[in-house]
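Only one structure is covered here, and it is reproduced in the block below.
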Amino acid sequence: LEETSISEMLKKRTERIVKERGVAVSQLELFTEGYDRREKLMKLLYEGYTPKFKESFQASGINKFKQSAMYKARQAQCNHAVQKLLLSGRALVLSLDCLHRHPALAQKMHMSPIFNVDKVGSVAGRTVFDASAGKNSLNEGADRERCDEDIPAVPNPSLSDLCNMACGARKRYGRGRRLTGATVDVKAAYEQYFHAGEIPLLFGTQVDLIDE
């Protein structure tokens, strides 16, 4: 940290991820041809989205943070999830001593607890970052009006829409044929990372080492 900024460290880590994950730029441009929000989509993919918070919102810092009791109950699973993020380049792990030596960085961090829940088919479960914890949570501090102005929400199809789609398919293909519905997971292709500029706020949590 004495030689480079936290933004540069994260940028170096995410450059590789953006190149390796998801579809190629040429493919994405082909898929989105004619899409009226194409420019915004490409900007999000390669520069990331800067969260917008209320003027009254302040980062919590690191001094008064308290980890959840659910973390302590499944500490090994939570730490394993953090380790996977670290090894894939999607997180940085800094010691508390390091943060205390860099108070400007520590004040920019907003700490939230994590916990682990059961997940079907997974021994490790699912580790969750609790953005709603506490009175000064990330979700409470988000300026939803500004977020919606910047990137308006796209309404998802309702149950009625899905039924109409199924009826339309039956008309096209006739009775007696089985209709199959599916969801497409685009998380790997469109996962966002901060990729440019100075990061206004860092999201963090605190994990304890397990003595072996």
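The values are calculated or read from the model by the stated rules, or taken from the named source; none is laboratory data. Please read all numbers here as calculations on a predicted model, not as lab measurements. Positions of Cβ are generated from backbone atoms using ideal geometry, with glycine treated the same way; all protein chains shown enter the neighbour counts. These accessible areas exclude ligands, DNA and RNA; they are computed on the full protein's heavy atoms, side chains included. Shrake-Rupley method; radii C 1.70, N 1.55, O 1.52, S 1.80 Å.
The table below gives the values:
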item	result
Any hit, the range 60-81, residues being of a type in the set (Ser, Thr, Tyr) and modelled with pLDDT under 75	no
Matching entry among Arg90, Arg146 (being open to solvent by 50 Å² or more (accessible area, probe 1.4 Å), of a type outside the set (Gly, Ala, Ser), within 22 Å of Gln58 (Cβ to Cβ) and touching a residue at least 60 places away in the same chain (Cβ under 8 Å))	Arg146
Qualifying residue in the range 129-140 (condition: more than 22 Å from Met9 (Cα to Cα), acidic (Asp, Glu), under 17 Å from the mean Cα position of the chain (by Cα) and not in a helix (DSSP H, G or I))	yes
Selection status of Ile199, at pLDDT 90 or above, closer than 24 Å to Lys64 by Cβ, of a type outside the set (Gly, Ala, Ser) and surrounded by 12 or more Cβ atoms within 10 Å (Cβ to Cβ)	no
Residue in the range 43-59 that is at pLDDT 65 or above, under 20 Å from Leu94 (Cβ atoms) and part of a strand (DSSP E or B) present	no
